[in-house]
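> For reference, the structure I am asking about is given below.
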Amino acid sequence: MEGKKKYITAEELKKHNKPGDLWISIQGKVYNVSDWAKEHPGGEIPLLNLAGQDVTDAFIAYHPGTAWKYLDKLFTGYYLQDFQVSDVSKDYRRLVTEFSKMGMFETKGHVAFCSLASVAVMFAIVLYGVLRCDSVWAHLGAAMVLGMLWIQSTYVGHDSGHYQVMSSRGYNRLAQIITGNCLTGISIAWWKWTHNAHHIACNSLDYDPDLQHIPFFAVSSRFFNSLTSCFYGRKLNFDPLARFLISYQHLTFYPVMCVARVNLYLQTLLLLFSNRKVPDRAFNIMGILVFWTWFPLLLSYLPNWPERFMFVLTSFAVTSIQHIQFCLNHFSANVYVGPPNGNDWFEKQTSGTLDIACSSWMDWFFGGLQFQLEHHLFPRLPRCQLRKVSPVVKDLCKKHNLPYRSLSFWDANVSTIKTLRTAAMQARDVSNTAPKNLLWEAVNTHG
């Protein structure tokens, strides 16, 4: 009958879950985002990971109220049959509405200004220490300051990727390129590509790229089955080399973190010069060229190669604190295999994250990301608001019997090392069917 609503079942919706045939449901209305996926500001991967499902909670989390008006042109005319909202989702959506009415998503404070000002001051200190001082200790201090500069610059880039920290979108994009590409040498395009997938598929072993570190690290023995990465589109082979390295990962974790930036530089270059569609590719490449101009030039002013090596290693080692922090937030949390499920999105975020407890005066050091669960639940919320909403999130988790884990920095390290050690001991188990080689047998011979 004319005017009568048309319905499809959840099973029928699931069939539309591939490129070129990509449907989603938001608050019971079904949308065809097959063509829009290529234009989606957050990239195609988040839509593909949640395709064929109701994605209301994820949509609310990542989009401001102004985004709703763009949905009408994508509406298929179908509604989802037997559409129901869980009690957890009802409470979560109520919180988002309350925070929005309180203006918390728009109240950003002066975090961006203070962070950018501190980055500028630190950059001046680095230049002075290298160009005007002859002491090796001054050069060592400059390297440490550069490491802190990279940490704070990364936080600004992270913030600007989740919400607008500047007065306009154009300036916001410029801030991303400067704080990411130009100052740290890590492409904001690469960060968006991996980070959006991480948020949507938090701690999925085959969908979350932030857990896929074979052959160096494995947080779960399920990696020993050579899982296929649905993000990278390739098999994560648990071969003899991976078995050997993972068997000692609890010992190599911190040393590897000290040089982890090398991998980030490599990943940036692999993406920017790949055949993948990269937004603002030329802009990103220009920013990277700026970094690889000033950084080697700065090193050239140091008197000899030993000091240059010391400078690079020291700056990398200081920045490793940030790399370690990101690992602490997820490595020892719960993991799963398979795509994210839109119906338990809230539960997956609580299950896959771990907060780091600290005093408020340390918020600048952790960039607000010590409140990892709060950030995952409300990614558009400025970092200055995360501490304020933490008690509310904790109460909500308690109400629905969901995990809310908050450990000190020390305890979070202990928990992470225990997780890595457990997987390492499992990798050493000769009953595991992964192939072995002569080196493996030699190192692990007993009796």
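The values are calculated or read from the model by the stated rules, or taken from the named source; none is laboratory data. Since the model is a prediction, treat every value here as computed from it, not as a measurement. Because the Cβ atoms are built from the backbone with ideal geometry, glycine has one as well, and the counts that use them run over all protein chains shown. Remember, those area values only see protein heavy atoms, side chains included, never the ligands or the DNA or RNA. Shrake-Rupley method; radii C 1.70, N 1.55, O 1.52, S 1.80 Å.
> How large is ³J(HN,Hα) for each residue in the stretch 262-268, as worked out from phi by the Karplus curve 6.51 cos²θ - 1.76 cosθ + 1.60 (θ = phi - 60°), to whole Hz, x for Gly and Pro?
After applying 6.51 cos²θ - 1.76 cosθ + 1.60, I find 4, 5, 5, 4, 5, 4, 4 Hz.
> Solvent-accessible area of MET310, probe 1.4 Å, all protein chains present, reported in Å² to the nearest ten, please.
So the heavy atoms of MET310 present about 50 Å² to solvent.
> Each residue of the stretch 188-197 in turn: what ³J(HN,Hα) in whole Hz from Karplus with 6.51, -1.76, 1.60 and θ = phi - 60°, glycine and Pro shown as x?
My calculation for the stretch 188-197 gives 5, 5, 5, 4, 4, 4, 7, 6, 5, 5 Hz in order.
> With everything on Cα atoms, drop me the angle between helix 111-131 and the longest principal axis of the chain, reported from 0 to 90° to the nearest 10.
Approximately 20 degrees, to the nearest ten.
> So what's the angle, to the nearest 10 degrees on a 0 to 90 scale, between helix 409-428 and the longest Cα principal axis of the chain?
Relative to the chain, helix 409-428 is tipped by roughly 90 degrees.
> Once you have the Cα-Cα distance between LYS4 and GLN84, take 0.36 nm times their residue separation minus that, and quote the gain in nm to one decimal.
Values: separation 80, 0.36 × 80 = 28.80 nm, distance 2.02 nm.
So the extension gain works out to 26.8 nm.
> Here is a follow-up. Measure nothing fancy, just the Cα-based angle from helix 281-300's long axis to the longest principal axis of the chain, in degrees from 0 to 90, nearest 10.
Helix 281-300 sits at roughly 20 degrees to that axis.
> For labels at ARG421 and LYS101 in the simple 7 Å Cα→Cβ model, what's the distance in nm?
Placing both labels 7 Å beyond Cα along the Cβ direction yields 5.0 nm.
> With a 1.4 Å probe and every protein chain left in place, tell me how much accessible area GLU44 has, in Å² to the nearest 10.
Accessible surface of GLU44 is approximately 70 Å².
> Using a 1.4 Å probe on the protein heavy atoms only, what accessible surface does LYS14 show? Give it in Å² to the nearest 10.
110 Å²
> Using the Kirkwood radius over Cα pairs, work out the Stokes-Einstein diffusion coefficient for the chain at 10 °C and 1.306 mPa s, in µm²/s as a whole number.
D, rounded to a whole number, is 67 µm²/s.
> OK, next. Under a 10 Å cutoff between Cα atoms, tell me which one of ILE186, ILE417, ILE125 has the largest fluctuation in the Gaussian network model of the chain.
Per the Cα network of the chain with a 10 Å cutoff, ILE125 tops the list.
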